[in-house]
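Encoded as structure tokens, the structure appears first; notes follow it.
The values are calculated or read from the model by the stated rules, or taken from the named source; none is laboratory data. Here the structure is a predicted model, which means the values were calculated and not measured. Cβ atoms come from the backbone with ideal geometry, glycine included; neighbour counts cover every protein chain shown.
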Amino acid sequence: MATALVVGNIIGIGIFVQPASLAPYGLNALLAWAVTVIGCIALALALALLARQMPQADGPFTYIGTALGGVWAAAALWCYWIAVWVGTATIAVGVAGYVATELPVFAGVPPAILTAGMLWLFTLVNLLGLRSGGRVQVLTAALKLTPLVLVLGFGLWTLLSEPAAFVSNVPPTPVTLSGTMAAAAIALFAMLGIESAVVPASRVQNPERTLPRATLTGTLLAALVYVAVTAVALLLIPQARLAASAAPFVTVLDHFIGVGNGRWVGFLILVSGMGAVNGWTLLSGELTRTLASHGLLPALLGRCNRRGAPAAALLLVAVLGTLLALMNYSRSFVEGFTFLTVVATAANLPIYTCCALALVVLARRRPGSLPRPAVTVGLIGIGYTVFVFAGIGTEPFLWALALMATGIPIWLLRRRRAAAAALPEPKA
């Protein structure tokens, strides 16, 4: 289930909508993916090493707090918490685009209503308990690979039978450093979720073995598939057509098997997207529960119902995600999805940076306790997050800093309350 959570959260709807978001960048997108794969593998290794070093920890909060201090853990986790429910809403927006394309009966339903319905459906699933959400994740993780395998298979067949097709629609957009950096910020959104197994770490069996294996296996599998699929879409479909598509994978499959036939495979893409909404809903509930247990959110949000699900936490993130999704529909579909993608990515970067830095600090502080390459892995992870921050643009960067800063006063308030609770009762 831990591996399925990683694979299911990474391979969500992002890769199925992202070809349209990346199309304007042309070949810069492929260079961006090369950088993204290297950076995400380094971050996955950093998380795996931290999980092995602290198997009884409750995830990134303890990793960062142990190495850098509680205030950094609070700021990073607060920013990540916002990123999770923003990301969940973003995925639901992407799924709604495919629903309108694949199921004509819903064509007249406002996308905002479809998005909200998706969020609340999987909130109800996860209210039935952690294993309920986990079972849905295992099933959808298996089914969601089918459309990816089909695109890869058709792409390989085209490469062998008609290799000239891969150079007939090469995007004319020039390759630049700024273009690659901007595309890398969008590409990272599709890889968000590499940390999925370690967030509910305290509830995973045999964490010292399970967490590193699940994190690395899920990240490597998703990265290899993503690069190949992106290359097929960008090189075989005209740039303008791909950029304008609300369901780019259907467009790609229509190219191979005839117009109108791709939508049948699109049903599996819907399953993939719904599985990702389920997985991120599960993750957001667990993360909210963790923050509440550390005093960064009201204690009510840390309580579980009789099925072991953090009910109040799940309901809160469903409300927040619904409000964000409704606000987003003032934009066009692709523009709105791309905007939310960048915001969610920016809000995720602080926790990745802090975890990579925590690995470096612990390796220096505890010589011999971690493998020798640990410092190098951490530095590569830090360098990658800085690279993405530079390409993400000034506005999203400032949003990420502002979101992270809002966690600091919450941490200070928690410290003040803890200190007040420790004071002896005044004498009469």
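Some values worked out for this structure:
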| quantity | calculated |
| --- | --- |
| Residues that are of a type in the set (A, V, I, L, M) and closer than 16 Å to residue 356 by Cβ, drawn from the range 46-70 | 46, 47, 48, 49, 50, 51, 54, 64, 67, 68 |
| In the range 290-327, the residues that are in contact with a Gly (Cβ under 6 Å, 6 or more places away or on another chain) and surrounded by 23 or more Cβ atoms within 10 Å (Cβ to Cβ) | 309, 310, 313, 314 |
| Qualifying residue in the range 169-178 (condition: crowded, with 19+ Cβ neighbours inside 10 Å and modelled with pLDDT of 70 or more) | yes |
| Of all residues making up the range 121-161, the number that are at pLDDT below 75 and either in contact with a Pro (Cβ under 6 Å, 6 or more places away or on another chain) or not in a helix (DSSP H, G or I) (or both) | 2 |
| Sole residue being assigned to a helix (DSSP H, G or I), more than 19 Å from residue 287 (Cβ to Cβ) and at pLDDT below 80, chosen from 117, 94 | 94 |
| Per-region count, the range 182-221, residues at pLDDT below 70 and touching a Ser or Thr at 6+ places or on another chain (Cβ under 6 Å) | 2 |
| Single unsatisfied condition, residue 99 versus (1) among the aliphatic types (A, V, I, L, M); (2) surrounded by 22 or more Cβ atoms within 10 Å (Cβ to Cβ); (3) at pLDDT 80 or above | (3) |
| Every pair of residues 6+ apart whose Cβ atoms lie under 8 Å, when the first sits in the range 294-318 and is part of a helix (DSSP H, G or I) while the second is surrounded by fewer than 20 Cβ atoms within 10 Å (Cβ to Cβ) and charged (D, E, K, R) | 311/303; 312/303 |
| Single match in 334, 317 (criterion: within 22 Å of residue 192 (Cβ to Cβ) and modelled with pLDDT of 80 or more) | 317 |
